[in-house]
Amino acid sequence: MDCSKKRASEVGDLPVDPLVEILSRVPAKSVCRFKCVSKAWCDLITDPHHRTKLLPQAMQGLFCHTAKKSEAGLSYSFSFVDLVPRSVPLDIDPCFSFLTELPEIQTLILSDSCSGLEWEVVPACGTPTSEETYPCLAFDPAVPSHFNLVEFRVADNEEFLSVHVYSSETGAWSENLIDEQGKEGQFPGWRNVSFPLARLYPCPFINGFLHFMVWDQDETKIVALDAQGKGRRMIPVPHVAEMGVSICYFGESQGKLHFMTEKILNDDHEYKYKLFIWVLQDYNAQEWVLKGTVNSHEVFDENTKERSMEFQVVGIHQDRNVVFFTHPSEHKLVAYNMDREELCTIATFDDQELLMDTARYVPYF
């Protein structure tokens, strides 16, 4: 008999599945409190088979990382955008003062985010070098006690120099895993690709794999690495070689990889843009499906001529068909609901502020 079902049967007379279904309709904070009732209740709620249903990691907002110009140079700051209507504002410190007040912290840089996580100090990977480094977070909410941090080191010519993995279980970094690539179970040659696209877009962690975009023989592809930093597959993306088509965004939503491109529409000598939103519907078959399109002249004010009307996509909602991008002529962050075909402003910035990056806020229960 399944141990989880045996433990759950001690909670009450209901079978496991109906009990989990009932608890899934209870507010998450209440479910958390139920863990204190007894060991049987705690085991049921924290069981990995039920945790994602009982304590869903729903997206609540966005952290925005901005740079502001001044006579002294650039200054960086964080702000928070609440995406959930509520009568009482969330008690959130968007400036991360609990970190900036530490004497060893001088500047905060938003490197990566992944499905919500408590903060933890991670030691540096080896001695500092002149090579550029790119950390990517691999975290599964279903296993909240563990995470991996994958760090790439890249040469000036975009060649991979090393891949190191930090494990929260061991508290240590691995040796260079590049020498391990090509062994049984890994496809050869992935490390010979060019790395620049991974600098521009997130590295989503889905299905136990970290995904990032690369150049491979003049084609854009997605590399999937496991949490141990070992290459497992190369995924082609929808065709982008067509004239006037460029990549806009790459990320994750609703448990699936999403890829966005935009195409220039030369209409009556006015450059307009069309956004294409693709979803990797079948991961194993590598089948991309066109999820929707957005025309710039339909969502933006055509009377505004100061700037280009191209899309500057900064993110996609974790749980809904909502895309976030900056307004091309105004200092605003907007959300476009693909289902309702509605555009709304969710944040406004100062004239001298530049949005550098965003990170999802997902409550940790």
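For the stretch 271-292, backbone nitrogen atoms closer than 20 Å to the point 7 Å from Ile206 Cα along Cα-to-C-beta are found at 275-292. The stretch between Gln312 and Ile22 holds 100.2 nm of extra length on full extension. This uses 0.36 nm per residue minus the Cα-Cα distance.
Between Ala155 and Ser167, the modelled label-to-label distance comes to 3.0 nm, taking each label 7 Å out from Cα in the direction of the beta carbon.
In terms of distances greater than 18 angstrom between alpha carbons, the cross-link table entries Lys256/Lys291; Lys68/Lys332; Lys69/Lys272 yield Lys69/Lys272. Taking 0.36 nm per residue of separation and subtracting the Cα-Cα distance, full extension of the segment from Ile105 to Lys263 would add 52.6 nm. Using R₀ = 22 Å, calculate the FRET efficiency as 1/(1 + (r/R₀)^6) where r is the Cβ-Cβ separation of Cys95 and Lys69; round to 0.05. Step by step, r from the Cβ atoms, then E = 0.70. Stretched out straight at 0.36 nm per residue, the stretch from Lys29 to Asn337 would grow longer than its current Cα-Cα span by 108.1 nm. Note on Leu290 and Asn176: their simple-model spin labels are 4.5 nm apart, each label 7 Å out from Cα toward Cβ. Computed from the Cβ-Cβ distance with R0 of 41 Å, the FRET efficiency linking Glu219 to Glu131 stands at 0.95.
No value in this document is a laboratory result; all are computed from the given coordinates. The structure presented is a predicted model; accordingly, all values stated were derived computationally and were not measured. Using ideal geometry, Cβ is built from the backbone for each residue, glycine included, and neighbour counts are taken over all protein chains shown.
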